[in-house]
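The values are calculated or read from the model by the stated rules, or taken from the named source; none is laboratory data. These numbers were taken from a predicted model, which means no experiment stands behind them. We place every Cβ from the backbone using ideal geometry, glycine too, and count neighbours over all the protein chains shown. The accessibility values were calculated without ligands, DNA or RNA, using every heavy atom of the protein model including side chains. Shrake-Rupley method; radii C 1.70, N 1.55, O 1.52, S 1.80 Å.
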Amino acid sequence: MRLLATRRRLIGLGAAGTGSLLLPGCDRLSESPSVVGALEGAEDLNRWTQRAFGRKALAREYREADMSPVFRANGSRTVDDPAYRRHAAEGFANWSLRLDGLVERPLQVPLHGLRAMPQRPQITRHDCVEGWSAIGRWQGPRLSLLLDLARLRPEARYIVFHCADRYRGRSYYESIDLVDAFHPQTILAWALNGAPLDAAHGAPLRLRVERQLGYKHAKFVSRIEAVASLEGIHGGRGGYWEDTERYAWYAGI
Ligand SMILES: Nc1nc2c(c(=O)[nH]1)N[C@H]1C(S)=C(S)[C@@H](COP(=O)(O)O)O[C@H]1N2
Ligand SMILES: [Mo]
């Protein structure tokens, strides 16, 4: 019960810990020619414009009355992986999330552990690049809580989300930088509109990264990895759609 042993620490980990990780990451990013060079045209503009107006600003949050009657699902709605299917059949009672890579202390956190952490509920609008939107209430712990528990090494620059599904024959995955990873609305959601996630919406756990477009919100997250570079991970562009269709890696809205 590694989580129970560390839960007490969670409460004590406040803004100070986050800030000390966030600021150096932020500074390093703006100074690094390799990162700047890796950004392309409009994406570059988008990202730096958003930075100028505040990457840390909050996405709009809505009222219950604004919630969409139906929240549509997109991309993978089911997962073929045998291990995943076994977990699903058990209601994810024995499932756990792995957090590893460039961290001092790799974590293996059961779903009930994630549910027992301090929760952030948020009613936000999901915008898919295909042109539809839906407003829903998401709930789960902030990603930053887990990153603080695992303690990022100073070399860590990106957080990669490995998913259990394959979409059109390729593993789905996504990645974000540390500014988004420590953003207060970046959560690991296990509930949508007051109920545990159904398969179509990414059970048992999916990313919500509210300042970016829908394809960044990895569903069926099974492993989170801290890395120094996105090179060498699948196609090397940081995500499924980035690799296959050259979608922007930074999809700010
Ligand atoms: N693992 C995984 N995550 C994914 C996808 C997917 O196919 N597989 N599709 C993405 C896209 S394009 C969108 S718009 C949202 C859809 O989330 P929803 O099905 O909960 O509406 O999930 C994103 N995350
Ligand atoms: Mo999407």
Can you name the number of the only condition in (1) within 15 Å of ligand 1 (Cβ to nearest atom); (2) surrounded by 23 or more Cβ atoms within 10 Å (Cβ to Cβ) that residue 158 fails?
(1)
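Okay, residues lined up against (1) among the β-branched types (Val, Ile, Thr); (2) in a loop (DSSP other than H, G, I, E, B):
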residue	(1), (2)
171	no, no
174	no, no
183	no, yes
223	no, no
226	no, no
231	no, yes
234	no, yes
244	yes, no
Quick check, is residue 77 open to solvent by 60 Å² or more (accessible area, probe 1.4 Å) and within 15 Å of ligand 1 (Cβ to nearest atom)?
yes
Does any residue of region 126-144 turn out to be at positive phi and open to solvent by 40 Å² or more (accessible area, probe 1.4 Å)?
yes
Members of region 193-217 that are touching a residue at least 60 places away in the same chain (Cβ under 8 Å), more than 18 Å from residue 112 (Cα to Cα) and not basic (Lys, Arg)
193, 200, 201, 210, 213, 214, 215, 217
Taking region 208-253 and keeping only residues that are polar (S, T, N, Q) and open to solvent by 10 Å² or more (accessible area, probe 1.4 Å), one is left with 222, 229, 244
Could you grab the pairs with beta carbons closer than 7 Å, sequence gap of 6+ or different chains, first residue in region 173-186 and open to solvent by 10 Å² or more (accessible area, probe 1.4 Å), second one at pLDDT 95 or above and assigned to a strand (DSSP E or B)?
184/142
Every residue from region 108-137 that is of a type outside the set (Gly, Ala, Ser) and within 16 Å of ligand 2 (Cβ to nearest atom):
124, 125, 126, 127, 128, 129, 130, 132, 135
Per the filter on region 193-233, residues under 15 Å from the mean Cα position of the chain (by Cα), more than 23 Å from residue 252 (Cβ to Cβ) and within 16 Å of ligand 2 (Cβ to nearest atom) are 220
Return only the number of the condition from (1) open to solvent by 50 Å² or more (accessible area, probe 1.4 Å); (2) part of a loop (DSSP other than H, G, I, E, B) that residue 121 does not satisfy.
(2)
Does region 58-72 include one or more residues that are of a type outside the set (D, E, K, R), open to solvent by 20 Å² or more (accessible area, probe 1.4 Å) and free of Cβ contacts under 8 Å to residues at least 12 places away in the same chain?
yes
Scan region 78-99 residue by residue and report those that are of a type outside the set (A, V, I, L, M), touching a strand residue (DSSP E or B) at 6+ places or on another chain (Cβ under 6 Å) and either farther than 20 Å from residue 196 by Cα or part of a loop (DSSP other than H, G, I, E, B) (or both).
81
For a quick check of your reading of the model, give me the residue pairs whose first member lies in region 127-144 and is over 14 Å from residue 70 (Cα atoms), whose second is among the aromatic types (Phe, Trp, Tyr) and more than 8 Å from ligand 2 (Cβ to nearest atom), with beta-carbon atoms closer than 6 Å and at least 6 apart or on different chains.
140/190; 144/182
